[in-house]
Amino acid sequence: MSDIFDAMHRAFFDQLFSLDEEARKAKAQLLREAGVPEEMIADLTRPGILPGMSFGGAKAVDVMNVVERVLFGQNAGSVLLRVKRPPFDEAGHIEIDVLEVGPPSEEPRREGEGEAADTQEP
């Protein structure tokens, strides 16, 4: 049964954590109504996973989602996360805090990126 929920978390990750375009527009509108300057709104609603973001109510599969999206989707060289289990949570949720996203990888993306590669040298 957990395979179904893991698949749903992978497929609907953007919607679950309000990272999709619609949610970013709604957030921008809310910030405008609160009087936040446009340059700050642009920074707060940038696409992608950025340092300072937190994903509460996540599942273990979401750690892999965050890592894949940052390393392969955003082509970052590294990502530093803090993953913790909230006290008294019987449902198996975790909290993921993005502490740091490293500069872009110096290696250009290749076709089939994300698949296991043979790193042995001859």
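The values are calculated or read from the model by the stated rules, or taken from the named source; none is laboratory data. Note that the structure is predicted; figures quoted are calculated from it, not measured. All Cβ positions, even for glycine, are placed from backbone atoms using ideal geometry, and neighbour counts span all protein chains on display. The protein model used for the area step is the full one, side chains on, heavy atoms only, and it has no ligands, DNA or RNA in it. Shrake-Rupley method; radii C 1.70, N 1.55, O 1.52, S 1.80 Å.
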Point to revise | Candidate set: region 31-54, residues that are touching a Leu at 6+ places or on another chain (Cβ under 7 Å) and hydrophobic (A, V, I, L, M, F, W, C); chosen: the one surrounded by the fewest Cβ atoms within 10 Å (Cβ to Cβ) | key: Leu44
Review point. Does any residue in region 1-30 that is open to solvent by less than 50 Å² (accessible area, probe 1.4 Å) come within less than 6 Å, Cβ to Cβ, of a residue that is assigned to a helix (DSSP H, G or I) and not β-branched (Val, Ile, Thr) six or more places away or on a different chain, and which pairs are these?
Key: His9/Asp62; Phe13/Asn65; Asp20/Asp14
Practice item. Tally the residues that are open to solvent by 50 Å² or more (accessible area, probe 1.4 Å) and modelled with pLDDT of 90 or more, restricting the search to region 94-114. Key: 4
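Among the residues of region 52-91, which ones are within 27 Å of Pro104 (Cβ to Cβ) and in a strand (DSSP E or B)?
Residues of region 52-91 within 27 Å of Pro104 (Cβ to Cβ): 52-55, 58, 61-83.
Listed by number, the residues that qualify are Ser54, Phe55, Ala58, Ala76, Val79, Leu80, Leu81, Arg82, Val83.
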Check your understanding: Taking interchain pairs and intrachain pairs at least six residues apart, which have beta carbon atoms under 6 angstrom, with the first residue in region 43-55 and in contact (Cβ under 8 Å) with a residue 40 or more places away in the chain and the second in a loop (DSSP other than H, G, I, E, B)?
Key -> Phe55/Phe17
**Study point:** Matching option when the condition is open to solvent by less than 50 Å² (accessible area, probe 1.4 Å), within 19 Å of the chain's Cα centre (by Cα), farther than 26 Å from Ala26 by Cα and modelled with pLDDT of 90 or more, among Asn65, Asn75
**Key:** Asn75
Check your understanding: Got at least one residue in region 43-63 being in contact with a Gly (Cβ under 8 Å, 6 or more places away or on another chain) and of a type outside the set (Gly, Ala, Ser)?
Key -> yes
